[in-house]
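Here is the structure we will look at.
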Amino acid sequence: MMFIRHDTSMCVMGSENYGDLLLEIMGKYTNIVALDADLVSAAGARKAWKTFPKRFFNVGIAESNMMGVAAGLSMTGYIPYVHSFAAFATRRAYDQIYLSCAYAKNNVKIFASDGGFNIGINGGTHTSYEDMGMMRLLPDLIVSEPCDTTQMRWAMNEIYSQYGVHYTRVFRRPVRDIYKSGSNFMFGKGNVIKNGNDATIIACGSMVYEAILASDYLAEKGIQVCVIDMFTLKPIDSELINEIASRCKIIITAENHNVIGGLGSAVAEVLAESGFGTILRRVGNKDRFGQVGSVEFLQKEYAMMSEDIVKLIQSLINK
């Protein structure tokens, strides 16, 4: 059951990150092993490393090797929780994920931090606007992006009991709390946060909060906008998308990712087969490389603010 903070003013900054939750989960399940690629401190996982030194492996800046090690640990009965920045957890290690993890049907959980503009001043070499698109292409993978700590805690626990390769975007900086503690979710099912029939915003990850802000602002203008948290990109909730498309003619996707290959593409694939004639527009990275800048600068530079969603919806309704 989900407990949603409908009042945007209640969306306070959370304090826990991936490293905090990793420590918590490793304390619950003794067959979890953690692997990191020289980002233990960056991920906030130093305490987990010190608490469970025999189950925590810092492999260094060798992400491809890390995926191979994770596959081997899986074959011996352990459940590897593997972390790196999104760019390095995918582009640098893609073949090993494909062959050693997915194709070999191993049980590996990949957690990728700082996707999209969240990488901040680390710049274009560390930026990944394509990671979820890449991982969507691999058979049998579950690809998800939680939007707050509550959802991330649920995902990291739920993933433990689901065999196979999971790719999950996580965060290591404070984010807004969207859900109340104790909420439960389901992979492959989107969550309707707000109802409305004038337009629908389907968002994931960092953009869920921006979608809520946009919906709140438009409500003051008499425009009722539905907000959906589509935290699982694969499998996508086609049933919910079709239900929305049957009664709402304007759908906006919002993602901290390239509009090619990610959430926007996943929703477009469903709508292309639906026959509802829905207008679809995608908010996200318009096929650009990353660059150096603060998170706030990058989000504005790539037009991924609530204001950008508002302008887009208003222009479509005015037409």
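Only one of 177, 114 is out of contact with any Gly (no Cβ under 6 Å at 6 or more places or on another chain) and among the acidic types (Asp, Glu); which?
Every option except 114 fails the conditions.
Mind checking which residues of the stretch 210-249 are crowded, with 20+ Cβ neighbours inside 10 Å and either among the charged types (D, E, K, R) or touching a residue at least 60 places away in the same chain (Cβ under 8 Å) (or both)?
Matches in the stretch 210-249: 210, 211, 212, 214, 218, 225, 229, 231, 232, 233, 237.
In the set 125, 90, 76, which member is among the β-branched types (Val, Ile, Thr), crowded, with 21+ Cβ neighbours inside 10 Å and in the same structural domain as residue 36 (by TED's automatic domain parsing)?
Answer to the check: 90.
With the structure loaded, tell me whether residue 193 is closer than 14 Å to residue 155 by Cβ and in contact (Cβ under 8 Å) with a residue 40 or more places away in the chain or whether it fails that test.
So residue 193 fails the test.
Just one of (1) among the hydrophobic types (A, V, I, L, M, F, W, C); (2) over 24 Å from residue 44 (Cβ atoms); (3) out of contact with any helix residue (DSSP H, G or I) (no Cβ under 8 Å at 6 or more places or on another chain) trips up residue 69, so point out which.
(2)
Within the stretch 31-50, is there a residue that is out of contact with any Gly (no Cβ under 7 Å at 6 or more places or on another chain), touching a residue at least 12 places away in the same chain (Cβ under 8 Å) and of a type in the set (S, T, N, Q)?
no
Of all residues in the stretch 282-306, count the ones that are loosely packed, with under 14 Cβ neighbours inside 10 Å and closer than 15 Å to residue 209 by Cα.
1
Can you report the number of residues in the stretch 264-300 which are in a helix (DSSP H, G or I), farther than 21 Å from residue 132 by Cα and either of a type outside the set (Lys, Arg) or in the same structural domain as residue 117 (by TED's automatic domain parsing) (or both)?
Here the count works out to 2.
The values are calculated or read from the model by the stated rules, or taken from the named source; none is laboratory data. Given the structure is predicted, the values throughout are model-derived calculations rather than measurements. With ideal geometry, Cβ positions are generated from the backbone for all residues, glycine too; neighbour counts draw on all protein chains shown.
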